[in-house]
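Have a look at the structure below, then the notes.
The values are calculated or read from the model by the stated rules, or taken from the named source; none is laboratory data. These numbers come from a predicted model, not from an experiment. All Cβ positions, glycine included, derive from the backbone under ideal geometry; neighbour counts span all protein chains shown. Note: accessible area is taken over every heavy atom of the protein model, side chains too, but ligands, DNA and RNA are not part of it. Shrake-Rupley method; radii C 1.70, N 1.55, O 1.52, S 1.80 Å.
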Amino acid sequence: MEQIELDKSLKTRHITMISIGGIIGTGLFIGTGKNIMSTGPATIISYFLACMIIVFIMRMLGEMASTKPENGSFAAYSGRFIGPWAGFTVGWLYWISWVFIVGLEAAVIGGILNSWFPMVPVWVGSVGITVILTGLNLYSVKTFGEFEYWLAFIKVSAIILFLIVGVTMILGINPNFEYKGLGFISDAGGFAPKGILPIFTGIVFVIFSISGAEVAAIAAGESENPKRNIVRAINNVVYRLGLFFVGSVLIMIMIIPWNDTKALAAPYANILKMAGFPLAGEVMQFVIFVSLISVMNSALFTSSRMLLGMAEKGDAPAIFKHVSKRNAPTWAILGSTIVAYICAILYFLSPDVIFYFLGNAVGALMIIVYIFIAIAHIRFRREYERTQTEPLAIKMWLFPYLTYLTIAVLLGVYVCQIFIPSLRAQFYLSTAFFIITIAVFFFKDKKIKAYQLGNPYQHADVDNGTKSQNM
């Protein structure tokens, strides 16, 4: 099957910044404080382990993508190396997750705009930002890349500023803050005040916060040198995850007591205020707003490319294969936008029931997708080593042991949801989505085979083709 050619106008700098910006969202700016309060200083272990899992997944994905970048990326690899049912399942689960995120971000952005400008209704802000981002994605992938580059630049600059300021505070060279050491950690109950279990259950929340790094592998396929840029993007993620996430958490737990709920409600803004930046709260609110737009922009891009890839394989309606004169997947973008609108409407109709339960399912679906990526990677590597002699551009470390370990940890994290009351509904809903998607594939496959068997014209064509070959 010939792959639909998209515009290759993304540059290396775009891919580099997308790979960095893809992991910096509201989960980092807002969720980090909550994780510290629920685990204590030991949450640094949760972040380290979760970051390592994402690094391993990205390494596996990079190994596959660097050999042959494809539309639909890991859904295509799952379909090829596990089976058509796996490609169908991964593609739709991933698409559902990102489309829902578009709707979620749109609703939250509308709320922020309403708080800044009360005369603008929430729904107007939500629809307005969605229309703008849809237009940017429809125009060209280069427009998407340039816009995302500058959004990511703002986020990265804010994190770097925070890290620099935090280090000066800890070293005692900030004139506005007197650092008194780490004695407050033992005074507040020690390193792990709530025991060992929260460290491991905390991995669940952290993975949800930092999922999205795989967007870089999808975007790299539309760059001027896909194979080279995929390798660069994967390598960038390794260092940035450690610096931005683990580094930020380390600074927080060294400055703010884990039980200081007021300070941890907005840890970035409050630490900057301690350092002598009175407008830190307003600045961080703007950065969070930019992060929401960035995540929404990436979600719209990613969901449309996944829908295009599935249409190529016959797992989605053929209309989504249509591309514009600028080689942008027009109907895949519009289709994703329409479903995102529906999700946003659910937020306004039932934010605490329907939208809440759907939102809970999204995070766990990412874990299922990651498990399939790891399984596909094992089968890919074995086939590659059996049939190819050219060395891989990027390789997963300690294959196959680390891959098997990653699968085991991800399965453990997924099952852990049962033991966390706030995530129990998420476990059941995501599992239901998973089972239903597989059932739909086999039902669809059965219907197609039944149609083919009952189609006399198709059999006539096959018979004629056979006779022609025998003549």
Selected residue [open to solvent by less than 40 Å² (accessible area, probe 1.4 Å) and either under 16 Å from the mean Cα position of the chain (by Cα) or not aromatic (Phe, Trp, Tyr) (or both)] from ALA265, ALA219
ALA219
For segment 33-51, does any single residue satisfy the condition of being open to solvent by 10 Å² or more (accessible area, probe 1.4 Å), in a loop (DSSP other than H, G, I, E, B) and touching a helix residue (DSSP H, G or I) at 6+ places or on another chain (Cβ under 8 Å)?
no
Those helices (runs of 4 or more DSSP H) completely within segment 104-188 that have 3 or more residues that are buried (at least 17 other Cβ atoms within 10 Å of the Cβ) are 122-139, 141-170
Sort through ALA408, ALA374 and tell me the only one that's small (Gly, Ala, Ser) and either in contact with a His (Cβ under 6 Å, 6 or more places away or on another chain) or within 16 Å of PHE74 (Cα to Cα) (or both).
ALA374
Restricting attention to segment 268-287, report how many residues are assigned to a helix (DSSP H, G or I) and either in contact with a Pro (Cβ under 7 Å, 6 or more places away or on another chain) or open to solvent by less than 40 Å² (accessible area, probe 1.4 Å) (or both).
9
Residue tally, condition surrounded by fewer than 20 Cβ atoms within 10 Å (Cβ to Cβ) and either touching an Asp or Glu at 6+ places or on another chain (Cβ under 8 Å) or not basic (Lys, Arg) (or both), over segment 222-235:
4
Matching entry among ILE345, ILE368, ILE354 (being β-branched (Val, Ile, Thr) and at pLDDT 85 or above)
ILE368
List, please: which pairs have Cβ atoms under 6 Å, are six or more places apart or on different chains, and start with a residue in segment 170-184 that is farther than 17 Å from ILE253 by Cβ and end with one that is among the hydroxyl-bearing types (Ser, Thr, Tyr) and open to solvent by less than 50 Å² (accessible area, probe 1.4 Å)?
ASN174/THR168
Residues of segment 413-430 being under 27 Å from GLY83 (Cβ atoms) and either open to solvent by 60 Å² or more (accessible area, probe 1.4 Å) or free of Cβ contacts under 8 Å to residues at least 40 places away in the same chain (or both), which ones?
VAL415, TYR428
What pairs come up if the first residue lies in segment 99-118 and is under 20 Å from ALA299 (Cα atoms), the second is aromatic (Phe, Trp, Tyr), and their beta carbons are under 6 Å apart, counting only those six or more places apart or on different chains?
ALA107/TYR347; ILE112/PHE289
Given the criterion buried (at least 20 other Cβ atoms within 10 Å of the Cβ) and part of a loop (DSSP other than H, G, I, E, B), identify the matching residue among ALA299, ALA311, ALA340, ALA328.
ALA328
Within segment 14-24, does at least one residue satisfy the condition of being modelled with pLDDT of 90 or more and either polar (S, T, N, Q) or part of a helix (DSSP H, G or I) (or both)?
no
